[in-house]
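Everything on this sheet refers to the single structure shown next.
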Amino acid sequence: MNNHFDVIVIGAGAAGLTAGIYLSRAKVSTLILNEGAVGGQMVLTHEIANYPGVENISGYELARIMKTQAQKFGCVIKSNLKITSMTLEEKTKKIEVNNKDIYTSNAVIIATGGKSRTIGAIGEDRFKGKGISYCATCDGDFFQDKEIIVVGGGNSALEEAVSLTKYASKVTVIHQFDHFQALQHYVEEAENNSKIDFIMESKIVEFIGDEKLTSVKIQNVDTQEITEKQIDGVFIFIGYVPNTENLEGIVELNQWKEIIVDKNMITNIPGVFAAGDSIQKKYRQVTTAVADGTVAALSASEYINEFKKELSLVNAV
Amino acid sequence: MLRTNLTHVLSKDDHAKLLQENENVMICCGRMGPMCIPVYESMEELENEYTNIKFADMEFDTQDAEVIRNLPECSSFRGLPFVVYYKNGKVVKATSSIQSRDQITEILDENFEKVSV
């Protein structure tokens, strides 16, 4: 197999797959390299009801369609791999995968997306799936008539807190600030629910248990006072962080480690573009990722055309 | 039935037969949900790399899935999917919630000998 492509897209979420569709349809040879499962954050959504043209679809199904669409136009997709090194500054970009396979291209689109933010408290890893969850629709029914905590103060946290009252006997929302970031109607719905209590200006500092989670230590961020609370489960919804760890020192990032791009999705490195949840932007939706992927693909396509023109001129001389 | 390309375990009899006929077995018991799909995908890919292991799935919400749900090794689990690894019919490892391909590979290498095509 030829390991050189016009464009390599890193990431197969909504932005990466859209870029793959646009580029391959324009006959630009394209490889998508993806570290996780195809679909990215999209597959974490049970139901998408605001994607124009599609009344209702699961994130998994939408991702599957996008993948098939890209492959139909000739896009090569390799997933569940590990990118072990990247050389992006040269004209020919080089990406090493799994410490052995090397792929090269003339342009790269970074669409690495984001991942759920973790609290980072003692015991968080240990009790994942044994009391700690990041998905209410997946694991809510394990907590029938149990007492649980929801951590966070954004739309997702309050929406899921209300949804979890279907199962839990009591839901306590813990938030580190004295006010919520969620839209007012989410706040009101949670406040009006008799099963929901609130602990504000506080954070979990330790998860405790033996085989499964049994209690947490909660610290008041103002007084620093720590109290222990018996609990059956904790659901964490404190936003996302961009997957840009491997890009530090290579591509220009802002203070939140998001990739800085211009309106055409161009980064500070010639031939390197970025799109989706890993870039600096305010709104992160499937629709905005799709739009970013489109713009990045069109910009990369233009770059490739110029690149080839330049190359043919050099060869003619 | 789960929409995967894995062998589907549909009943307790299927489960017993699978363990009887295969020395090394990995079963992912879940739903078509966000924490489960990445695990199925990894298993589909690993199926070609570990030819001595039988990779299968089972729908969590079926009555017969109690053969997995009620395993003592899963008694503390509170997150989907429940993934169980068997050697000669005995549970050698069980995990709860999403696992990356690297984490699964580590478990396979630890518990089963790798025999590639």
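Rule-based calculations on the coordinates, nothing more; no lab input. No experiment lies behind these values; they were computed from the predicted model shown. All Cβ positions, glycine included, derive from the backbone under ideal geometry; neighbour counts span all protein chains shown.
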Q: Give the peptides B:92-101, A:290-299 in descending order of average Cβ contacts within 10 Å, highest first.
A: A:290-299, B:92-101
Q) Are any of the pairs A:Lys27/A:Lys100; B:Lys17/B:Lys90; B:Lys54/B:Lys93; A:Lys72/A:Lys281; A:Lys128/B:Lys17; A:Lys82/A:Lys212 more than 22 Å apart by Cα-Cα distance, and if so, which? A) A:Lys27/A:Lys100; A:Lys72/A:Lys281; A:Lys128/B:Lys17; A:Lys82/A:Lys212
Q) Assuming a viscosity of 0.692 mPa s and a temperature of 37 °C, what translational diffusion coefficient in µm² per second does Stokes-Einstein assign to the range B:21-117, Rh being the Kirkwood radius over Cα pairs? A) 246
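What is the diffusion coefficient of the range A:93-172 in µm²/s, taking the Kirkwood radius over Cα pairs and the Stokes-Einstein relation at 25 °C with a viscosity of 0.890 mPa s?
Diffusion coefficient, whole number: 156 µm²/s.
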(Q) Taking 0.36 nm per residue of sequence separation and subtracting the Cα-Cα distance, how much length would be gained by fully extending the chain between A:Lys115 and A:Tyr283, in nm to one decimal? (A) 59.0 nm
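For the pair B:Glu44 and A:Glu211, what calculated FRET efficiency results from E = 1/(1 + (r/R0)^6), where r is the Cβ-Cβ distance and R0 = 35 Å, to the nearest 0.05?
The pair A:Glu211/B:Glu44 has a calculated efficiency of 0.70.
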Q: Find which of A:Leu158, A:Gln219, A:Cys138 sits farthest along the positive direction of the dipole of the range A:132-236, computed with +1 on the beta-carbon of Lys and Arg, -1 on that of Asp and Glu, about the Cα centre.
A: A:Cys138
Q | Relative contact order %, chain A, counting alpha carbon pairs below 8 Å whose residues are six or more apart | A | 19
Q: Could you tell me which GluC sites (Glu not before Pro) in the range B:8-79 are loop residues by DSSP with no more than 14 other beta carbons within 10 angstrom of their beta carbon?
A: B:Glu23, B:Glu49
**Q.** Set of aspartates and glutamates near A:Lys146 by C-alpha distance (under 12 Å), chain-local residues within fewer than 8 positions excluded
**A.** A:Asp232
Q.
Taking amide H atoms as placed 1.01 Å from N in the peptide plane, list the residues 5 or more away in sequence, or in a different chain, whose amide H sits under 5 Å from that of B:Cys29.
A. B:Met58, B:Phe82, B:Val83, B:Val84
Q. Separation of the range A:131-193 and the range A:246-280 by C-alpha centroid, Å?
A. 33
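Compute, for the protein assembly as shown, the length of the dipole vector about the Cα centre, with Cβ point charges of +1 (Lys, Arg) and -1 (Asp, Glu) only. Units Debye, rounded to 20.
With only Lys, Arg, Asp and Glu charged at Cβ, the dipole is about 1000 debye.
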Q. In µm²/s, what is D for the protein assembly as shown at 20 °C and 1.002 mPa s, where D = kT/(6 pi eta Rh) by Stokes-Einstein and Rh is the Kirkwood radius from Cα pairs?
A. 92
Q.
Considering only C-alpha atoms, what is the centroid distance from the range B:44-117 to the range A:1-72, in Å?
A. 28
Q) Which whole-Hz couplings ³J(HN,Hα) result when phi for each residue of the range A:142-147 is put into the Karplus expression 6.51 cos²θ - 1.76 cosθ + 1.60, θ = phi - 60°, listed in order with x for Gly and Pro? A) 6, 10, 4, 6, 9, 9
Q: Restrict the search to the range A:67-143; then list the trypsin sites (Lys or Arg not before Pro) that DSSP places in a loop and that have at most 16 other Cβ atoms within 10 Å of their Cβ.
A: A:Lys82, A:Lys91, A:Lys100, A:Arg117, A:Arg126
Q. Under 20 Å Cα-Cα from A:Lys282, which lysines qualify once same-chain neighbours fewer than 8 residues away are excluded?
A. A:Lys115, A:Lys257, A:Lys263
Q) Can you list the aspartates and glutamates whose alpha carbon sits under 15 Å from that of A:Lys93, skipping same-chain ones fewer than 8 residues off? A) A:Asp6, A:Asp101
Q.
As an exercise, identify the chymotrypsin sites (Phe, Trp or Tyr not before Pro) in the range A:108-205 lying in DSSP coil whose Cβ has no more than 13 other Cβ atoms within 10 Å.
A. A:Phe177
Q) In units of 2.2 N^0.38 Å, what is the alpha-carbon radius of gyration of the range A:116-223? A) 1.01
Q) Relative to the longest principal axis of chain A, what angle (0 to 90°, nearest 10) does the C-alpha long axis of helix A:286-316 take? A) 20
Q: Only helical DSSP H runs with n ≥ 4 go in: add -39500 (n - 2.57) per run for the protein assembly as shown, normalise by residue count and round the 222 nm mean residue ellipticity to 500 deg cm²/dmol.
A: -8000 deg cm²/dmol
Q | Efficiency of FRET from Cβ geometry, A:Asp125 and A:Glu225, R₀ 25 Å, rounded to 0.05 | A | 0.45
